[in-house]
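The values are calculated or read from the model by the stated rules, or taken from the named source; none is laboratory data. Model, not experiment: these values are computed from the prediction. Cβ atoms come from the backbone with ideal geometry, glycine included; neighbour counts cover every protein chain shown. Just so you know, the surface numbers come from the protein's heavy atoms only, side chains and all, with ligands and any DNA or RNA stripped out. Shrake-Rupley method; radii C 1.70, N 1.55, O 1.52, S 1.80 Å.
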Amino acid sequence: MTYLDGCALSRLHSLRSYDVVVIGAGAAGLMCAIEAGKRGRSVLVLERNEAVGKKIRISGGGRCNFTNIYTSPENFISGNRNFHKSALARYSPEDFVRLVRQHRIAYHEKKLGQLFCDGTSQQIINMLLKECASSGVEIRLSCSVTSIHQDERFRIATDTDDFECKSLVIASGGLSIPKIGATNFGYKIARQFGLKVTELRPALVALMLSGDEGRSLRELSGVSLEADVACRRVSFRENVLFTHRGLSGPAILQISSYWKPADAIVVTPRQYPRRFLQKWRELYGELPMEKWTVIPSDTEGYEKAEVTLGGIDTNELSSKTMEARSVPGLYFVGEVVDVTGHLGGFNFQWAWASGFVAGQFV
Ligand SMILES: Cc1cc2nc3c(=O)[nH]c(=O)nc-3n(C[C@H](O)[C@H](O)[C@H](O)COP(=O)(O)OP(=O)(O)OC[C@H]3O[C@@H](n4cnc5c(N)ncnc54)[C@H](O)[C@@H]3O)c2cc1C
């Protein structure tokens, strides 16, 4: 005779079956769940945090830069330059803006096609929750997935109950900002099923300067200037901000996605602010050149990065459905995939678009 403790008994009784289980209630997971729900699928979303969309909440300085009207495939970095084209073509910024308008959320273009809420990011979260409710999606919060097994269907063990489903969607995001729930879960599951994961690095992140140069430039902390910042034959013209640890600002965050340890970055400003000129002359006894080169010592890491560069190798996935080629029924969407957007609303557009396309097939 086998004796089952209370916990094991409750697990036996509580094995519930769904057409689709989505792991992660972020931008990509919720969009996928909504679309699958609209198609009449029974859908369960599992989220380890006590609230959905924590990253949406802190995004865009609390106003969520939810898309970019100039989205094009060139705004993304991936091992395969063509992979993301299909999803981005099937779900465009206009499609997301239509949804935002339907929910009467006021928004504005800040600059360079970047759309932000006039109010707060919570409006986008509320919109997604309303859409989930109207398409019959169930959401379980404070529920961390511990393991997954596959026989005929997928069996998902969590720290509370067990579930089974026909289609399993991994929307667990990347490694950035561990303090709000980022985990390596998606990569672990990919490896468990024999799928390749590309090299992972923090991206859209400030760069640190060390040594004498770092110490001197720290004196400029708080100064910002407009410049071309170049690395590995890529350049961005935007603001550069001197910080007490090194360099930040939009141009630096953008170039950080291309920077690798020991690479130099070249900064070319046309004009220097007066405070910069004063400080520079104090430090070096001469005027700065139009162009200067620095070798950052490191990035500020996943604690500060907006995204993770790299992810599930796109060769493993169908670009039309986001399904793993070798594991029918297993899908990956959003940041966990090796598609990383530039700064400016592109990462959310990828999350919406990849979630949307998977939602049509699960
Ligand atoms: C500070 C900051 C600001 C940003 N601002 C912008 C912006 O304005 N515009 C933009 O386009 N992008 C922005 N980004 C990037 C953007 O937020 C992400 O690219 C996007 O949220 C990724 O969506 P996702 O659904 O793939 O993953 P996430 O939003 O990270 O969602 C994944 C979810 O999975 C859950 N999870 C993980 N493991 C498990 C598990 N084992 N069991 C259950 N649940 C699990 C996590 O708790 C999380 O809720 C910003 C990022 C940061 C950090």
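Amide H contacts of Q150 (H built 1.01 Å from N, in plane; Pro and chain starts excluded): R155 sit under 5 Å, all sequence-distant by 5 or more or on other chains. In order along region 284-299, the Karplus-derived 3J(HN,Hα) couplings, from 6.51 cos²θ - 1.76 cosθ + 1.60 at θ = phi - 60°, round to 10, x, 8, 7, x, 6, 5, 10, 9, 10, 10, 10, x, 7, 5, 9 Hz, and Gly and Pro are given as x. Taking the chain as the reference, fit the longest principal axis to its C-alpha atoms, fit the long axis of helix 93-102 to the helix C-alpha atoms, and give the angle between the two in degrees, 0 to 90, nearest 10. Rounded to the nearest ten degrees, it is 70. Annotation: amide H-H contacts under 5 Å for Y18 (H modelled 1.01 Å from N, sequence separation of 5 or more, or interchain): E164, C165, K166. Taking the centroid of alpha carbons for each part, region 333-362 and region 165-198 are 14 Å apart.
With R₀ set to 30 Å, the beta-carbon distance separating K291 from K260 gives a calculated FRET efficiency near 0.90. Taking P273, P250, P178 in turn, the Gaussian network model of the chain (Cα-Cα springs below 10 Å) assigns the largest fluctuation to P273. Comparing L217, L253, L112 in a Gaussian network model of the chain (Cα springs below 10 Å), the most mobile by mean-square fluctuation is L112.
Who wins for biggest fluctuation among G113, G173, G26 in a Gaussian network model of the chain, springs between alpha carbons below 10 Å? Fluctuation is largest for G113.
If R0 is 25 Å, what FRET efficiency do you get for S216 and D298 from their C-beta distance, rounded to 0.05? With R0 = 25 Å, the Cβ-Cβ based efficiency is 0.90. For a label point 7 angstrom out from the Cα of S326 toward its Cβ, which stretches of region 192-211 have the backbone nitrogen within less than 18 Å? Once the point is set 7 Å along Cα→Cβ of S326, 192-199 turn out to lie under 18 Å by backbone N, inside region 192-211. Based on Cα contacts under 8 Å between residues 6+ apart, the chain shows a relative contact order of 25 percent. Of the residues I295, A324, L220, the one whose Cα sits farthest toward the positive end of the charge dipole of the chain, with +1 on the Cβ of Lys and Arg and -1 on the Cβ of Asp and Glu, is L220.
Sorting K304, K179, K260, K54 by solvent-accessible area of protein heavy atoms yields K179, K304, K260, K54, largest first, with a 1.4 Å probe. Computed extension gain for E226 through R281, at 0.36 nm per residue and net of the alpha carbon distance, reaches 17.9 nm.
Annotation: amide H-H contacts under 5 Å for I177 (H modelled 1.01 Å from N, sequence separation of 5 or more, or interchain): E303, K304, A305.
Dipole orientation for region 1-149: of the candidates N68, I124, I139, N68 has the Cα lying most toward the positive pole (charges on Cβ; Lys, Arg +1; Asp, Glu -1). Listed values for region 341-355 are Karplus-derived 3J(HN,Hα) couplings in whole Hz (6.51 cos²θ - 1.76 cosθ + 1.60, θ = phi - 60°), namely x, 5, 5, x, x, 6, 5, 5, 4, 5, 4, 4, 5, 5, x, and x replaces Gly and Pro. Fully extending the segment from R16 to S144 would add 44.5 nm, taking 0.36 nm per residue of separation and subtracting the current Cα-Cα distance. Taking the accessible area of the chain, probe 1.4 Å, and keeping the other protein chains in place, the carbon and sulfur fraction comes to 49%. Counting only heavy atoms of protein chains, what accessible area per residue, in Å², does the chain have with a probe of 1.4 Å? It amounts to 45 Å² per residue over the chain.
The value of relative contact order for region 4-157, using C-alpha pairs under 8 Å at least six residues apart, is 31 percent.
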